[in-house]
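Note sheet for the following structure.
The values are calculated or read from the model by the stated rules, or taken from the named source; none is laboratory data. Quick caveat: nothing in here was measured; it's all calculated off a predicted structure. Neighbour counts run over all protein chains shown; Cβ positions are idealised from the backbone, glycine included. With ligands, DNA and RNA removed, areas are computed over all heavy atoms of the protein, side chains included. Shrake-Rupley method; radii C 1.70, N 1.55, O 1.52, S 1.80 Å.
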Amino acid sequence: MNALAKGISDGGIVTWRNLMNVRRNPDWLMAATLQPIMFVLLFAYVFGNAIGGEAGGAAYREFLIAGIFAQTVAFNSAFTVIGFANDLQKGIIDRFRSLPMSRIAVVLGRTTSDLVVSVVALVVMSACGLLVGWRIRGSFWDALLGYLVMLMFAWALSWVGALIGLAARSVEVAQSAGLIWMFPLSFISSAFVPTDTLPAFLKAIADWNPFTAVINATRDLFGNRFGAPPTGWPAENAALYAILCCIAIIAVFAPLATARYRRVASK
């Protein structure tokens, strides 16, 4: 318990250090919020009528927001990647190694600080969604659970980002590696169109994609429906499947990222 308490305490200090860096470099926060706002405006007003039909444009905008939420928090994991690669390049990890602190604190602090950035991004995205006509149709508690599922997903993906960032050989490599795997996962999902509209082989992938699970769970909890309800076990048990996916991602990548940090810090 003493080791756990020390890890949490030291992780809190590293979290604060990372948040102060965000404060000194507000362009990070701007990047985390401006891109999803552009996606909302593009898909809602440029593609919205084509996808949802003129009569269904407003319904499609409600359908869209949960997908933008998921894509936003997923892309924010790139900050975890770049943050670690930057600390490695500047020798910050070497300084941490010389301090009497828990080895997990650096990784925990980075993932937690990036979770805070995701909270801010979700607040901005929610305000933008309200401006384009999105509304939460479910209860307060359902909506709260929807946001918590989304944040759990954000934290899970930040552990993936931590592993990639610690494995990258430079910041330039980290920038590419942190995003390249996100595009197929976020677009082969129910983020922008119902999975029923996809070709059969892509639909099978999309239905079991963790992105789809989180998006469908959030839509269900927000009460945002569009078209016929999706079918199949992942869609019918979206919240349960989303939580299980998040737990599985953390269970796999948290130990891998921590082990990678120990190897990097021991060099």
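Brief remarks on what is shown
- Debye, to nearest 20: dipole size of the chain, +1 on Lys, Arg Cβ, -1 on Asp, Glu Cβ: 1040
- Taking label points 7 Å from Cα along the Cα-to-Cβ direction, TRP141 and TRP181 give a separation of 3.7 nm.
- Cα-based Rg and Dmax for the stretch 181-267, where Dmax is the largest Cα-Cα distance (Å): 15.9, 55
- The stretch 173-199 residues near the modelled GLN89 label - backbone nitrogen below 11 Å, point 7 Å along Cα→Cβ: 173-176
- Peptides 248-261, 64-77, 161-174, 191-204 ordered by average Cβ neighbours within 10 Å, highest first: 64-77, 161-174, 248-261, 191-204
- With DNA, RNA and ligands ignored, accessible area of PHE43 (1.4 Å probe; Å², nearest 10): 30
- When the helices of the chain are scored as -39500 (n - 2.57) per DSSP H run of n ≥ 4 and the total is divided over every residue, the value at 222 nm lands at -25500 deg cm²/dmol.
- Pairwise centroid distance, computed over Cα atoms, of the stretch 1-46 with the stretch 206-266, Å: 20
- Computed on protein heavy atoms with a 1.4 Å probe, the accessible areas place LYS6, LYS90 in the order LYS90, LYS6, largest first.
- Per-residue 3J(HN,Hα) values for the stretch 188-204, derived from phi via the Karplus relation 6.51 cos²θ - 1.76 cosθ + 1.60 with θ = phi - 60°, read 8, 7, 8, 4, 10, 9, x, 5, 5, 7, 7, x, 3, 6, 6, 4, 4 Hz in sequence order (x marks Gly and Pro).
- Our compactness index for the stretch 118-267, the C-alpha radius of gyration over the empirical 2.2 N^0.38 Å, is 1.15.
- Put simply, the C-alpha atoms of the stretch 134-210 give a gyration tensor, and the ellipsoid matching it has half-axes of 28, 21, 10 Å, longest first.
- Residue among SER113, ALA74, PHE63 farthest towards the positive dipole end of the stretch 55-126, charges placed on Cβ: SER113
- The simple Förster model, with R0 at 30 Å and r as the Cβ-Cβ distance, assigns LEU256 and MET38 a FRET efficiency of 0.35.
- The stretch 58-68 - phi-based ³J(HN,Hα) in whole Hz, Karplus 6.51/-1.76/1.60, Gly and Pro as x: 5, 5, 5, 4, 5, 5, 5, 4, 4, x, 5
- Percent accessible area from carbon and sulfur atoms, the chain, protein chains only, probe 1.4 Å: 69
- Counted by Cβ distance under 14 Å from SER170, the other residues give a net charge of 0, where Lys and Arg count +1 and Asp and Glu count -1.
- Remark on the chain: hydrodynamic radius 19.1 angstrom, per the Kirkwood mean of 1/r across alpha carbon pairs.
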